[in-house]
Structure formats: structure tokens, C-alpha cells
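Here is the structure we will look at, set down as C-alpha cells.
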Amino acid sequence: DVSSPKHGKVDPDNMPHVGGNMWAGGTGGRDTAGLGGKGGPYRLDAGHRVYQVSQAEKDAVPEEIKRAAREMGEKAFKQRLKEIQMSEYDASAYERFSGAVRRQVQSLRIILDNLQ
């Protein structure tokens, strides 16, 4: 069961963590920032293979936990914008321009990775 969203502990060795309720950047877990889990406050990619919980499990998360996770995610987003000295308007404009070329940038990254 989910209890409350949190960032989670940071693994200094960046080992992959699957499931559980402890590690930031893990996959398929609960309550912590990561990918493929349920009840976490925001997505956090530590670069590992993603294990996905079922949509039924995600849908079963209580509404108060979803609301708390959204609030925590919004707070983290605003804090990050403040750290990089960017307003919400700037972030919106960046997303609009970035989104227009996202596929081309991804293609270019793949080409450059293959050249290396």
C-alpha cells in the first residue's frame, strides 16, 4: 500500500532498485520519486531499466495520496525553477520551443551516440 509521497534516499553507488519504498530513482516501487511506480511525487530517472507497475495498481492509489504527490511535485518543480533562475512563464516558453524540435533532437542524439 502507499502511505505518503517522499523523495527517498539517494544511493551513493547508484545501484538499480526495483520495488520497495526507500530509494529515490528506483523503478516499480511506491511512494518515492522514481519511474514506473505508484504514489511517488515526481518522476526521477537514475538511468536504470524501468519496471512498470500495472495501471490497475496506479488507479488504486487513494485520491489524498495522489493529491499530496501532485502538491509535492509542484513544490519541487517551483524550487527547481528558482534554482535555475527561471520563471513559470520561461518554463512554459521553453517547453513550447523544446517540444517543437524534440524528435529532431532525439534523432541527432542517436546519431551522435553511434558516431562516438
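Values computed for the structure shown
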{"item": "Residue list for the range 45-70, filter: under 17 Å from residue 33 (Cβ atoms) and acidic (Asp, Glu)", "result": "45"}
{"item": "All positions within the range 23-56 that are closer than 20 Å to residue 67 by Cα and open to solvent by 70 Å² or more (accessible area, probe 1.4 Å)", "result": "30, 43, 55, 56"}
{"item": "Some residue of the range 5-22 being aliphatic (A, V, I, L, M), at pLDDT below 95 and crowded, with 18+ Cβ neighbours inside 10 Å", "result": "no"}
{"item": "Breaking point among (1) open to solvent by less than 90 Å² (accessible area, probe 1.4 Å); (2) within 14 Å of residue 7 (Cα to Cα); (3) out of contact with any Asp or Glu (no Cβ under 9 Å at 6 or more places or on another chain), for residue 75", "result": "(1)"}
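The values are calculated or read from the model by the stated rules, or taken from the named source; none is laboratory data. The structure presented is a predicted model; accordingly, all values stated were derived computationally and were not measured. Cβ coordinates were reconstructed from backbone atoms using ideal geometry, including for glycine residues, and neighbour counts include every protein chain displayed. The accessibility values were calculated without ligands, DNA or RNA, using every heavy atom of the protein model including side chains. Shrake-Rupley method; radii C 1.70, N 1.55, O 1.52, S 1.80 Å.
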